[in-house]
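All remarks here apply to the structure that follows.
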Amino acid sequence: ARSVAAQTSALSSIFGVEHTLNGLNIITHTRTLVIVAECTAIFLMIAYTALILAYPFSIEIKVLALFAGIILIYLLNLARLV
């Protein structure tokens, strides 16, 4: 959760959002965003991995789908938080 908070803070700075990072809290002028385990998308990544592994594709396609899918889920989650 700390790395997600730090990365969200860094991306927010790039996009010009004024904020303060205090541990797992991202504080703006109007609200506070508290990063908890549910904000990391880890549960979604686990469910996605289970679905990919259960699907009857070759191991090469599964590895590619896992690699691309996990990265995409992570990036979309960071965009959602920003």
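The values are calculated or read from the model by the stated rules, or taken from the named source; none is laboratory data. Only a predicted model underlies this, so the values are computations on that prediction, with no experimental measurement involved. Backbone-built Cβ (ideal geometry, glycine too); neighbour counts: all protein chains shown. In case anyone asks, the SASA skips ligands and DNA or RNA and just uses the protein heavy atoms, side chains included. Shrake-Rupley method; radii C 1.70, N 1.55, O 1.52, S 1.80 Å.
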Candidate set from region 56-75 (those that are in contact (Cβ under 8 Å) with a residue 12 or more places away in the chain and aliphatic (A, V, I, L, M)); member that is nearest to residue 9 (Cα to Cα): 73
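Give the residues of region 27-41 that are exposed (fewer than 12 other Cβ atoms within 10 Å of the Cβ) and within 23 Å of residue 70 (Cβ to Cβ), sorted by residue number.
36, 37, 38
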Tally of residues being open to solvent by less than 100 Å² (accessible area, probe 1.4 Å) and not in a helix (DSSP H, G or I) across region 47-63: 1
Selected residue (criterion: least open to solvent (accessible area, probe 1.4 Å)) from residues of region 69-80 that are farther than 15 Å from residue 43 by Cβ and in contact with a Leu (Cβ under 9 Å, 6 or more places away or on another chain): 78
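Have a look at 24, 44, 66, 11 and point out the one that is surrounded by 14 or more Cβ atoms within 10 Å (Cβ to Cβ) and either among the acidic types (Asp, Glu) or in contact with a Lys or Arg (Cβ under 7 Å, 6 or more places away or on another chain) (or both).
After applying the criteria, what remains is 24.
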